[in-house]
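The values are calculated or read from the model by the stated rules, or taken from the named source; none is laboratory data. Keep in mind the model is a prediction, meaning the values are calculated, not measured. No Cβ is skipped: glycine too gets one built from the backbone with ideal geometry, and neighbour counts run over all protein chains shown.
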Amino acid sequence: MAAARAGSRPLQPTGRDPRAICEIAAPASSSAQASNADVTRHHPLMVMVPRQQQPLLPSFLFAPPSGATGGREAPPAAVVAGAPSEPPFGKIEMFSPVYYAAGAVGGAAACGFTHAAVTPLDVIKCNIQIDPAKYKSTSSAFGVVMREQGLRGFYRGWAPTFLGYSAQGAFKYGLYEVFKKKYSDLAGPEYAAKYKTLIYLTGSATAEVFADIALCPMEAVKVRVQTQPGYARGLRDGFPKIVRSEGYAGGLFRGLVPLWGRQIPYTMMKFATYENIVEMTYKHLIPTPKDQCSKPLQLGVSFGSGYVAGVFCAAVSHPADNLVSFLNNAKGATVGDAVKNLGLVGLFTRGLPLRILMIGTLTGAQWMIYDSFKVMIGLPTTGGAPAPTTVQMEGQAELKASA
């Protein structure tokens, strides 16, 4: 009877470290204890955890808040199968030179590979803009290119596209992180939070000024190769041909001002819209703080927010995109010639549906690649909150030091 009463007593706190594996009341039998010890020895991951309140969302979407375990901490990562390992490059300090360099590398990968991947769509778009009489629609343009140039015609200009947009992406994303932090510091904590969208706009615009200087020569070569099949086979012969016939400034950088006109509004819309959509998504659509969501969910938010931002980007920057294509295609052409040839309505609408499809997909993929790279090296994804100012960071450091 005494043994039965002992076996039916409720569990009492053991006084152990709360992270330790929970013990289970076992019969006061030496054979049962030996059996349990044998199972644990042969199956170290088969452990019992306390019953806890189940969250409303599936557990794979987010890490439950600390209160969900009834005040007890989760088991240490060492005993959890599939626990994430340390970042491959060690811990990167936020807003350090290495952090900004990582942004440049991620931006180069995000822009270079995505733009090269959509080269066939870019070939069609540029030809519709340059010669609408021959390339009357998207479907007919595909047929014309296939008949006249074959499959290789859809990938003309991929090399200058990849190199140019890789360089542009490095400056765009890397410098955006720099200027967003600098402008937040200049504004101070109160105004940085109040006017965060203005900081997104000015930071991205400043970064794009430098990014387009890196892009412009490759953009000039790309347009010539894509729209004039007999002009050059690619970057290797197209680049020196433009320099010999028109010079550096007159040939490679002639389209810089229209390129700024296309890319600066595009990038301002891209970054400001993306940052705000991400913030609203976590605030209104996902009932879990961002830092408690799983990485796959965060990257899904990155792609979806980027796609929506890309649609707005395409509409805002499309007139300048038509100008860039026209000026880089015709030697000695002016903005007035472009407006006269395309018409005011055509300037805003010619090639727009295809560009919305291309830029929406492109922008969503870029943000997902960029944030995937950041996650891979142990950094948080972009968006969800304005950048903290130096004053705020110093205050947080002082609080940690005094704790």
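So how many residues does segment 219-235 have that are in contact (Cβ under 8 Å) with a residue 12 or more places away in the chain and surrounded by fewer than 16 Cβ atoms within 10 Å (Cβ to Cβ)?
From segment 219-235, those in contact (Cβ under 8 Å) with a residue 12 or more places away in the chain are 219-229, 234-235; that's our starting set.
Those left that are additionally surrounded by fewer than 16 Cβ atoms within 10 Å (Cβ to Cβ): 228-229.
Residues flagged as in contact (Cβ under 8 Å) with a residue 12 or more places away in the chain and surrounded by fewer than 16 Cβ atoms within 10 Å (Cβ to Cβ) within segment 219-235 amount to 2.
Looking at (1) in contact with a helix residue (DSSP H, G or I) (Cβ under 6 Å, 6 or more places away or on another chain); (2) closer than 26 Å to P289 by Cα; (3) surrounded by 20 or more Cβ atoms within 10 Å (Cβ to Cβ); (4) not hydrophobic (A, V, I, L, M, F, W, C), can you tell me which one D185 breaks?
(3)
Scan segment 189-213 and report the pairs whose first residue is of a type outside the set (A, V, I, L, M) and whose second residue is outside any helix (DSSP H, G or I), with Cβ atoms within less than 7 Å and a gap of 6+ or a chain change.
P189/T389; K196/P386
How many residues does segment 188-211 hold that are buried (at least 23 other Cβ atoms within 10 Å of the Cβ) and modelled with pLDDT of 95 or more? Spell out how you get there, then give the answer.
Step one: of segment 188-211, the residues buried (at least 23 other Cβ atoms within 10 Å of the Cβ) are 192, 199-200, 203-204, 207-208, 211.
Those still in the list that are modelled with pLDDT of 95 or more too: 199-200, 203-204, 207-208, 211.
Count: 7.
So, in segment 236-246, how many residues would count as being surrounded by fewer than 14 Cβ atoms within 10 Å (Cβ to Cβ) and β-branched (V, I, T)?
Restricting attention to segment 236-246, the residues satisfying the condition of being surrounded by fewer than 14 Cβ atoms within 10 Å (Cβ to Cβ) are 236-237, 240, 244-245.
Remaining after also requiring β-branched (V, I, T): none.
The qualifying residues number 0.
Among the small types (G, A, S) and over 20 Å from V118 (Cα atoms): which single residue out of G188, G234 fits that description? Please lay out each step first, then the result.
Numbers: G234 fails: over 20 Å from V118 (Cα atoms).
That would be G188, the only listed residue that is among the small types (G, A, S) and over 20 Å from V118 (Cα atoms).
Taking T281 and the conditions (1) of a type in the set (V, I, T); (2) under 17 Å from the mean Cα position of the chain (by Cα); (3) crowded, with 24+ Cβ neighbours inside 10 Å, which numbered condition does it fall short on, given that it satisfies the others?
(3) is the only condition that T281 fails.
Which one of these is touching an Asp or Glu at 6+ places or on another chain (Cβ under 6 Å) and within 21 Å of Y266 (Cα to Cα): G169, G103, G107?
Details: G169 fails: touching an Asp or Glu at 6+ places or on another chain (Cβ under 6 Å); G107 fails: touching an Asp or Glu at 6+ places or on another chain (Cβ under 6 Å).
Just a single option satisfies the conditions, and that option is G103.
Name the residue, out of C293, C313, that is in contact with a strand residue (DSSP E or B) (Cβ under 9 Å, 6 or more places away or on another chain) and modelled with pLDDT of 85 or more.
Result of the check over C293, C313: C293.
Do we have any residue at all in segment 265-276 that's in contact (Cβ under 8 Å) with a residue 12 or more places away in the chain, under 18 Å from T363 (Cα atoms) and of a type in the set (D, E)?
Within segment 265-276, the subset in contact (Cβ under 8 Å) with a residue 12 or more places away in the chain is 265-276.
Subset that is under 18 Å from T363 (Cα atoms): 265-276.
This time we only want the ones that are of a type in the set (D, E), so: 275.
Taking every residue of segment 265-276 in turn, at least one turns out to be in contact (Cβ under 8 Å) with a residue 12 or more places away in the chain, under 18 Å from T363 (Cα atoms) and of a type in the set (D, E).
To keep it simple, each residue is scored yes or no on (1) closer than 15 Å to R262 by Cα; (2) touching a residue at least 12 places away in the same chain (Cβ under 8 Å); (3) exposed (fewer than 15 other Cβ atoms within 10 Å of the Cβ); (4) among the acidic types (D, E).
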{"residue": "N329", "(1), (2), (3), (4)": "no, yes, no, no"}
{"residue": "A333", "(1), (2), (3), (4)": "no, no, no, no"}
{"residue": "L344", "(1), (2), (3), (4)": "no, no, yes, no"}
{"residue": "L347", "(1), (2), (3), (4)": "yes, yes, no, no"}
{"residue": "P353", "(1), (2), (3), (4)": "no, yes, yes, no"}
{"residue": "M358", "(1), (2), (3), (4)": "no, yes, no, no"}
{"residue": "M368", "(1), (2), (3), (4)": "no, yes, no, no"}
{"residue": "D371", "(1), (2), (3), (4)": "no, yes, no, yes"}
{"residue": "M376", "(1), (2), (3), (4)": "no, yes, yes, no"}
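Count, please, the residues in segment 107-153 that happen to be at negative phi, surrounded by fewer than 16 Cβ atoms within 10 Å (Cβ to Cβ) and outside any helix (DSSP H, G or I).
Number satisfying all stated conditions: 5.
So which of V339, V324, V311 is of a type in the set (V, I, T), more than 19 Å from A110 (Cα to Cα) and touching a helix residue (DSSP H, G or I) at 6+ places or on another chain (Cβ under 6 Å)?
Details: V339 fails: touching a helix residue (DSSP H, G or I) at 6+ places or on another chain (Cβ under 6 Å); V311 fails: more than 19 Å from A110 (Cα to Cα).
Residue meeting the stated conditions: V324.
Look at A249 and say whether it is buried (at least 22 other Cβ atoms within 10 Å of the Cβ) and part of a helix (DSSP H, G or I).
no
Please work out which residue is modelled with the highest pLDDT, limiting yourself to segment 89-145 and to residues that are under 29 Å from L342 (Cβ atoms) and among the basic types (K, R). Break it down stepwise before answering.
Narrowing segment 89-145 to residues under 29 Å from L342 (Cβ atoms): 111, 114-145.
Subsequent filtering for residues that are among the basic types (K, R) retains 125, 134, 136.
Working: K125: 86, K134: 90, K136: 86.
Selected residue: K134.
Conditions first: (1) of a type outside the set (A, V, I, L, M); (2) farther than 29 Å from V225 by Cβ; (3) touching a residue at least 24 places away in the same chain (Cβ under 8 Å). G306 passes all but one, so which condition is the exception?
Failing condition for G306: (2).
Any idea how many residues of segment 330-383 are small (G, A, S) and within 18 Å of F271 (Cα to Cα)?
Just the residues of segment 330-383 that are small (G, A, S), to begin with: 330, 332-333, 336, 338, 343, 346, 351, 360, 364-365, 372, 378, 383.
Within this subset, residues satisfying the condition of being within 18 Å of F271 (Cα to Cα) are 360, 364-365, 372, 383.
Going through segment 330-383 one residue at a time, the tally reaches 5.
Please determine, by comparing only the residues of segment 159-187 that are of a type in the set (S, T, N, Q) and under 25 Å from D237 (Cα atoms), which one is modelled with the lowest pLDDT. Full working, then the answer.
Within segment 159-187, the first condition is being of a type in the set (S, T, N, Q), and the residues that meet it are 161, 166, 168, 184.
Now restrict to residues that are under 25 Å from D237 (Cα atoms): 161, 166, 168.
On the way: T161: 95, S166: 98, Q168: 98.
Looking at the filtered set, the residue picked out is T161.
May I ask you to list the residues in segment 252-277 that are in a loop (DSSP other than H, G, I, E, B) and of a type in the set (D, E, K, R)? Explain how you work it out, then say what you get.
Initial filter on segment 252-277 (in a loop (DSSP other than H, G, I, E, B)): 253-255.
Correct list: R254 only.
Consider segment 316-343. How many of its residues are modelled with pLDDT of 80 or more and on the phi > 0 side of the Ramachandran plot?
1
Going by the conditions given, is R156 basic (K, R), over 21 Å from A320 (Cα atoms) and surrounded by 17 or more Cβ atoms within 10 Å (Cβ to Cβ)? I'd like the intermediate steps shown before the answer.
Numbers: basic (K, R): yes; over 21 Å from A320 (Cα atoms): yes; surrounded by 17 or more Cβ atoms within 10 Å (Cβ to Cβ): yes.
When the stated conditions are applied, R156 passes them.
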